[in-house]
1. What's the magnitude of the charge dipole for segment B:24-165 around its Cα centre, counting Lys and Arg as +1 and Asp and Glu as -1 at the beta-carbon? Answer in Debye, nearest 20.
2. Between 0 and 90 degrees, rounded to the nearest ten: what's the tilt of helix B:16-28 against the longest Cα principal axis of chain B?
3. For chain B, how big is the tail of P(r) above 34 Å, as a whole percent of Cα pairs?
4. Between residue B:120 and residue B:55, what length comes free when the chain is fully extended (0.36 nm per residue of separation minus the Cα-Cα distance, one decimal in nm)?
5. Under unit Cβ charges (Lys, Arg +1; Asp, Glu -1), what dipole magnitude, rounded to 20 debye, does chain B have relative to its Cα centre?
6. For the pairs B:15/B:56; A:16/B:194; A:16/A:232; A:8/A:202; A:246/B:15, flag any whose C-alpha to C-alpha distance is greater than 28 Å.
7. With charges only on Cβ, +1 for K and R and -1 for D and E, what is the dipole size of segment A:2-249 about its Cα centre, in debye, rounded to 20?
8. Restricting the count to DSSP beta bridges whose residues both fall in segment A:2-249, what percent are antiparallel, rounded to a multiple of 5?
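Please treat every number below as a calculation from the coordinates, not as lab data. In this text, all values refer to a predicted model and were calculated from it rather than measured experimentally. Heads up, the Cβs are rebuilt from the backbone with ideal geometry, glycines too, and the neighbour counts pull from every protein chain shown.
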Amino acid sequence: MKILVPVKRVLDYNVKARVKADGTGVDLANVKMSINPFDEIAVEEAVKLKEAGKATEIVVVSIGPAQAQDTIRAAMAMGADRGILVETTEAIDLGGIEPLHVAKILQKIIGEEAPNLVIMGKQSIDDDSNQTGQMLAALLGWPQATFASKVVLGDGSAEVTREIDGGLETLKVSLPAIITTDLRLNTPRYAALPNIMKAKSKPLANKKIEEFGIDTTPRLKIVSVAEPEKRKGGIKVETVDALVDKLKNEAKVI
Amino acid sequence: MAILVLAEHDNKSLKSSTANTVTAAAKIGSDVHVLVAGKGCDEAAKAAAGLAGVTKVLQADDAAFEHGLAEHVTEALKSVAGNYSHILVPATGYGKNILPRLAALLDVQPISDVMAVENETTFKRPVYAGNAIATVQSLNSKHLLSIRTTGFAAAGAGGSAAVEKISASGSSINVTFVGQELSKSERPELAAAKVVISGGRGLGSGENFAMLEKLADKLGAAIGASRAAVDAGYVPNDYQVGQTGKVVAPQLYIAVGISGAIQHLAGMKDSKVIVAINKDPDAPIFGVADYGIVGDLFQIVPELTEKI
C-alpha cells in the first residue's frame, strides 16, 4: 500500500502572526517556518502504518516556495520515503494559491502516483480554511473521512473515527480514500539526528507549478488584512465575594 | 437569486447553528431558502420553516441522508445549487465537512468561517488563529460560505415558510456509517450555551474537572477546555475551545486554570463577560478578562460554587 501525504510549510505554531503595516497580509519575512502541525500528525500516522507493516511506501508532496523542501525533508526525517516539491513563487497563505488550486494539483499528482490512501491535515494554521482534503476527495470521486481521531486499516477499506460536534462518529470508507487528521490522532515523533541525516539523501523531485497546467488565477481577492479588535482587560478582584457581587450587580450575567 | 442555507439537524430537531446561518443569509439578501436533507426529517423541516426570515424550505428525505454524510448530502445540494447565488452552511464540523466537497464539484473557491458580511460578495474572516482578520471578496460566479455562528444572532421564531419536498438521492461512493458515540450530557451544547466554564492544564487532572461540573450545575453551564487540557488527556477533544476546537461567545465565560494562549483566546474572546481564575497574576488570560481573580483555583472554585 502506498500512502501520499501532502504537507504545507507555514508560520511556526509558536510564533505570533504579525499583520503587515500596509494591511496586505501577514509578515512572513525572517520568521520561523515549520511543517503545519496537522500535516505532521498525518506524516506520523502514515509512518506508524508503515511500521505496522500495512504500508510499503510514503510519498510526501508540498506546494510552496523552494524552502518548502525543508518541510519535505522534515517529513522524511520522520520516516517518509520520497518527496515531490511543487514550486511556486505565489503566496500560499492569503491570496495567490488557494485550496481549490492545491486540490487540483494534488489530483494530478495522485493520477500519476496512484496511492491507495491520502492522509492530510484537516487545515493549515495560516489561512485556517479546512477545505483542501474535502475538495480533493470530491475531485477524485473518493470517500472522505475528515477530522480523524482513529484509523484502522482493513482489507480494501478503512474504519475511521471522526471528531464531530458533541462526540465521535465512525465511518467505513472503501479505499482509495482521503483521511484528514485531527489533533488527537497521534503525537508526532521527534526525528532523531541519524534520521535527519538520512533524510538528506532520500529522493526529492522538483517540479514547477506551471508544469501542471492548472489555472491558478485567484478566485478570492484579499481586500485587506487587519489586526483583530483588541478586547480591553478589566479589573482584578481580591475575593470570591467581590467577584460574585460584580457578576450579579455590575455585569448582571448571573 | 435566492440564497440557500444548509440546515444542520438530527432529523428530529434543528441545531441552533442553522438559525445563526439564516441570520447571515438575511444580511446578504431577502429570499432565504433552507435545505433539510435527512431521513424522516419532517420535524426538522417544520422547525426550519418556522424560523423568521426563511421564505421556503426544501426537504430531501432519503435513507442516504440519515447520518448527514458529506458524500450524500453534497449530492442533494448539487441538485439544487443552480438556483442559488449563495450557498451557506454553519461553520461547524457538519458544515465544514460538506461545503468544500460541494465547492470542488461546482468549481468554486469557498470562504470559510465568515464572521461578518460587508456586502453581497465581501466578507470578513479570521486567519492565523484569529491573529488577523481578512476582508475577502469572492470573485466566483457563485458564492459558497461557511458561517461562524458566534458572529450572527440566531434567527427567531415566527416564520411560516412552505415546505417543498424535493427528490434527491445519495452518492454511489462507498462510505458506510458505522456508529456514533455522543458525549452523554445533560448540559447545554457548548457552542450554544449562555454560560461556559472551561478548564485548563491548571486543573491538573481529568478527575478535577468534577469540580467544574458542580459549578456548571449551579449555573446551567456547558463545560469546555483549553487545548492544553485536551492534549494532556484530561477531557475529550469535543470539549476544546479555541481556533482548533469550538468557537464560543456566551454571556459568561469562566476560564479556570487557563493561561490564555492565543489559540484559546481566538475561541472565546467574543464572550460578553469573561472571568479568569488563575494562580499566575501575569497570565495572558487576565488581559482579556473583565474580572480576574488571582489565587488557588482549588479553593476559589468551590467557594464560588457555594456563594453563587
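1. 340
2. Taking the Cα atoms of chain B, the angle to B:16-28 is about 60 degrees.
3. 27
4. 21.5 nm
5. That gives chain B a dipole magnitude of about 420 debye.
6. In this structure, A:16/B:194; A:246/B:15 exceed 28 Å between Cα atoms.
7. 380
8. Approximately 40 percent, going by the DSSP bridge assignments.
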